[in-house]
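The values are calculated or read from the model by the stated rules, or taken from the named source; none is laboratory data. Quantities reported herein were computed from a predicted structural model and do not represent experimental measurements. In this analysis, Cβ positions are derived from the backbone assuming ideal geometry, glycine residues included, and neighbour counts consider all displayed protein chains. Heads up: the accessible areas ignore ligands, DNA and RNA and are worked out on the full protein's heavy atoms, side chains in. Shrake-Rupley method; radii C 1.70, N 1.55, O 1.52, S 1.80 Å.
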Amino acid sequence: MNLPLTPIRFKDRAAKLYGNKVGVICGKDRFTYRQFAQRCNRFGNALRSLGLKAGARVAFLSFNCHRLLEAYYGVLQAGGILLPLNVRLRPHELSGILCDAEAQFLFYDPEFGETVQSELSKAAQFPLPLTASSGETSYETLVAEADDKYELDLGIDENTVAELFYTSGTTGNNKGVMLTHRNLYLHAVHSMWSLRTFDTGINLHTIPLFHVNGWGAPHCITAAGGVHVMVRRFDPAEVLRLIEQERITHFCLVPTMAIALMLAQETARRDLRSVKEIHLGGAASNPTLIKNMEKVFTGAFVHAGYGLTETSPCITTSLLKDTLANVSEEERLSLLSMPGLEMLGTEIRIVDVDGKDVKPDGKQVGEVIVRSDVVMEGYWKRPQETSEAIREAWFYTGDMAVVNAENYIQIVDRKKDLIISGGENIPSLEIELALYRHPDVLECAVIPVPDEKWGEAPCALIVTRSGKPIDLEQLQLFCRENLAGYKVPRVFHFRESLPKSGTGKILKRELREPFWAGHERRVH
Ligand code: AMP
């Protein structure tokens, strides 16, 4: 017997087995799994009655909240594709995505009302606020008025697209990553085992739900019948307050978030003893970070993992094998800080330019390639890019890594020059293209430099036409008009020329080195 592998089944199971348990906590709102499921069903039914076409894209421009979590199920039940948008993008970027995806509906946080009215309303057929104070139609009025019944449609094709996430690829273009019902179902099942998700888990959504399926957390937690606790946006004081108040057991962080938590004044004052497990990912961790986190969250298991939007996202996690229980303290911290071991359902190889496996000596560098149930269907409307990325059933990640004799992998570089600042990908080319729009910019290169707060920040090296530096305030303003705030270079340097290779390519590695002297950069 084959039932469709769809995450909708997780929600139905949670409603059946944990109907009376509070499953979702969002600010003052608390919903049992029965109430949560009813809201998902109502939303799905409302979308159908509004004429949602099969496979239509339903966009959400929202901070973390229970409504976006409901959409993870409601949109799929209606036969649509969920398209969560990065709230940090500039209006022209959002409009570009909405147009590329040809979104039918756009549900938005009232905070974005003005942007939607002035710049996005034409990009989606039906823009609707999540809540509204007057009687106008909103997500909430739709949910209030619709029927709350749903029965699993056995005709769902598990290989159809369920979610679409735009990733700023290394080319600087926004590419839509298509994840199927099957991808999401199996990702959750595999992750539950590796990340040890149980019904006793009280999970804090520290990662934005618009980012790679909230790292897969929504489906894992629902599948296990654990508790979802929402954080609207990452704020160290609020995170620490919620850990204490809700007795949080599990959460995920990018390393820069971890640093911010450790630096926050409230850390010493809050009772953090409920925390059992912290998962670090999105960018390279290091042994010192694990050690410091273990000190702050006494008794918690702190470990790293690795993944990409294209892999739903988690494909590795750094568990300590039982056969390594007696390694030295230094080795233990080192292993836990690595992306670690391939997860169940995923095969990883590190290959050289000829496609041969590198030696498992922790030294020889190769590209990470992946074969797994969690690899995307492809890039939205980009068959060429899809066939370049997935070749002979292997997905080429573009990440460079080493592997040790125990099969723990460590990412050492990215094939291209992507900058990761506060866990967000910042493609250097996108910034360079924006800078090139400035009339006095003759040549430029954008590279990552160390940044205390964000881990890395973009630095622009510029050769001007006039030969004189551009006024800094004016240049920053120019960048802010053309780029999302977090992509604006933190540092600008003016040079007479930039070093180039024999083929005329700017040698970024050479530019980067002096900035990293005396700093440890795992990814370089
Ligand atoms: P995204 O698709 O936005 O999740 O970005 C995926 C990229 O983040 C990967 O291709 C890696 O370059 C990087 N990344 C994620 N996790 C790690 C990690 N544990 N160590 C190093 N890089 C990572």
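Take every Cα pair under 8 Å in the range 128-248 that's 6+ residues apart, average their separations, divide by the length, and report that relative contact order as a whole percent. Normalised by residue count, the contact order of the range 128-248 is 17 percent.
Just the protein heavy atoms count here, and of the accessible area of the chain at 1.4 Å, carbon and sulfur take up 50 percent.
For the range 369-524, the convex hull drawn through the C-alpha positions has a volume of 176 cubic angstrom per residue.
What you get for the chain, charging only the Cβ of Lys and Arg (+1) and of Asp and Glu (-1), is a dipole of about 420 debye around the Cα centre. Along its first, second and third principal axes, ordered by size, the range 451-493 spans 33, 20, 12 Å in Cα coordinates. For the range 255-280 versus the range 94-126, the inter-centroid distance based on Cα atoms is 36 Å. Per-residue surface analysis assigns residue 400 an accessible area of about 40 Å², computed on protein heavy atoms at 1.4 Å probe radius.
Taking every pair of distinct Cα atoms and averaging 1/r, then inverting, what Kirkwood hydrodynamic radius in Å comes out for the range 256-325? Provide the component values of the computation, followed by the final result.
Numbers: mean 1/r = 0.0749 Å⁻¹.
It works out to 13.4 Å.
For a straight C-alpha distance cut-off of 13 angstrom, the aspartates and glutamates reachable from residue 321 (same-chain residues fewer than eight places away being disregarded) are 331, 342, 406.
Along its first, second and third principal axes, ordered by size, the chain spans 67, 60, 53 Å in Cα coordinates. Checking the a/c ratio against 1.5 first, then a/b against b/c, what shape does the Cα gyration tensor give for the range 1-54? Oblate is the answer for the range 1-54, as a/c is 1.5 or above yet b/c matches or exceeds a/b. How far is it, in nm, from the label point at residue 121 to the one at residue 361 when both lie 7 Å from their Cα along the line to the Cβ? Rounded to a tenth, the inter-label distance reads 6.5 nm.
Placing a label point 7 Å from the Cα of residue 273 along the Cα-to-Cβ direction, the residues of the range 218-245 whose backbone N falls under 17 Å of that point are 243-245. Between the range 382-437 and the range 30-80, what is the separation of their alpha carbon centroids in Å? First find each Cα centre; the distance between them is then 32 Å. What shape does the range 58-164 take by its C-alpha gyration tensor, where a ≥ b ≥ c are the square roots of the eigenvalues and a/c under 1.5 counts as rounded, a/b above b/c as prolate, and the rest as oblate? Oblate, because a/c is 1.5 or more while a/b does not exceed b/c.
Each principal axis of the Cα cloud of the range 437-513 was taken in turn, and the coordinate range along them, longest first, works out to 35, 30, 17 Å. Looking at the range 43-181, the DSSP beta bridges with both ends there are about 35 percent antiparallel. Where both bridge residues fall in the range 2-105, DSSP classifies roughly 45% of the beta bridges as antiparallel. The residues of the chain present an accessible area of 43 Å² per residue when probed at 1.4 Å with all protein chains retained.
Excluding same-chain neighbours fewer than eight residues apart, the lysines reachable from residue 295 by a Cα-Cα span under 17 Å are 276.
Where in the range 436-474 is the amide nitrogen less than 12 Å from a point lying 7 Å along the Cα-to-Cβ axis of residue 92? Within reach of a label on residue 92, which here means backbone N under 12 Å from a point 7 Å along Cα→Cβ, the range 436-474 contributes 436-438. Considering only alpha-carbon pairs that sit under 8 angstrom and 6 or more positions apart, the relative contact order computed for the chain is 11 percent.
Net charge dipole, the range 1-48: roughly 100 debye, given to the nearest 20, about the Cα centre with Cβ charges of +1 for Lys and Arg and -1 for Asp and Glu.
How would you order 182-190, 384-392, 19-27 from highest to lowest mean count of nearby Cβ atoms within 10 Å?
Details: 182-190: 23.8, 384-392: 13.7, 19-27: 16.9.
By packing density, highest mean first, the sequence is 182-190, 19-27, 384-392.
Indicate the gyration tensor shape class of the range 5-115 (rounded, prolate or oblate), computed on the Cα atoms with a ≥ b ≥ c the square roots of the eigenvalues: a/c under 1.5 is rounded; otherwise a/b larger than b/c is prolate and the rest oblate. Oblate, because a/c is 1.5 or more while a/b does not exceed b/c.
Within a straight-line Cα-Cα reach of under 18 Å, residue 21 can be paired with the following aspartates and glutamates, leaving aside sequence neighbours fewer than 8 residues apart in one chain: 12, 29, 70, 199, 246.
From the cross-link list 359/381; 381/415; 415/468; 291/359, which pairs have alpha carbons spaced over 31 Å apart?
On the way: 359/381 37 Å; 381/415 24 Å; 415/468 33 Å; 291/359 29 Å.
Too far apart for the 31 Å limit: 359/381; 415/468.
Simple spin-label estimate for residue 472 and residue 49 gives 5.9 nm between the two label positions (7 Å along the Cα-to-Cβ direction from each Cα).
Less than 5 angstrom separates the built amide H of residue 443 from those of 463, all sequence-distant by 5 or more or on a different chain.
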